[in-house]
Amino acid sequence: MAQVDVLIKGYNREINSDVHNYACTCTLIRDKDINMVVDPGSHQSTGMYIFALGEFGLALEDINFVFTTHEHLDHSMNRAIFENATIIDRYGYHKGDEHRFHSNDEEFEISKDIKMIATPGHGGDIHASLLVETHEGTVCVAGDVWWYEDLTPEIDPHATSQEELEVSRQKLLKLADYIIPGHGGLVRNNKKDE
């Protein structure tokens, strides 16, 4: 079974009506020979990643996969600091100038316990989430399907399609025991059995 930990918890603060200070939640997934960082975001200090990974006995060079839920810079900007990593996104695997694409599958397995699932609505059709099987249950690293632990905002001001987003949300609520939203910490999914 895989392990999932919040590496760096995200935030979203309004400084004034024109300025927001935000960075996404960065998640660590470990599964056999996989050390994966999800959404390496826009945190300003490489030192934050070095320190956070050190808490798990890892270094930047130990990360062999980086998954981005979508291409918004607050979720993808620091991919390059993980020099040994293969980048995984909605459409496939990317390392250097080599790209291996999937055939537009709605889902694909990264390992026996890690699965990518398409979750369009925020960021267009490129948005994807991860479902990870752990000893505690299924954890969904949801990107910006939701932003915060209370599974808000209800109406996403950056949605490319609120209707598609609602379909993605309902799909994840049926599958996940726990959810890590795009700018918050791990939360139990109390709606799974409803």
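General observations
- Glu71-Asn190 FRET efficiency (beta carbon distance; Förster radius 35 Å; 0.05 resolution): 0.70
- Heavy atoms of Arg79: accessible area, 1.4 Å probe, square angstrom to 10: 70 Å²
- Maximal additional length on extending the Ser17-Asn64 stretch stands at 13.0 nm, based on 0.36 nm per residue less the C-alpha distance.
- Listed residues His94, His135, His127, most fluctuating in the chain (Gaussian network, C-alpha, under 10 Å): His135
- Annotation for the range 75-151: GluC sites (Glu not before Pro) lying in DSSP loop with at most 15 further Cβ atoms inside 10 Å of their Cβ are Glu83, Glu106, Glu136.
- Compactness check for the range 1-135: Cα Rg over 2.2 N^0.38 Å is 1.04.
- Of the residues Gly123, Gly184, Gly96, the one that moves most in a GNM of the chain with alpha-carbon contacts below 10 Å is Gly96.
- Solvent-accessible heavy-atom area per residue, rounded to whole Å², over the chain at 1.4 Å: 49 Å²
- Estimated at 0.36 nm per residue, the fully extended path between Met48 and His102 surpasses their Cα-Cα distance by 16.2 nm.
- Structure note, pairs Lys95/Lys171; Lys112/Lys174; Lys112/Lys191; Lys95/Lys192; Lys9/Lys32: Cα-Cα distances above 28 angstrom occur for Lys95/Lys171; Lys95/Lys192.
- Computed over the chain: relative contact order in percent, which uses C-alpha pairs under 8 Å that are six or more apart: 18 percent
- For the chain, built as a Gaussian network whose Cα springs stay under 10 Å, the top-fluctuating residue of Thr86, Thr160, Thr138: Thr160
- Per-residue accessible area (protein heavy atoms, 1.4 Å probe) orders Val38, Val4 as Val4, Val38, starting from the largest.
The values are calculated or read from the model by the stated rules, or taken from the named source; none is laboratory data. Predicted, not measured: the structure shown is a model, and the values here were computed from it. Using ideal geometry, Cβ is built from the backbone for each residue, glycine included, and neighbour counts are taken over all protein chains shown. Areas reflect the complete protein model, heavy atoms only, side chains present, ligands, DNA and RNA absent. Shrake-Rupley method; radii C 1.70, N 1.55, O 1.52, S 1.80 Å.
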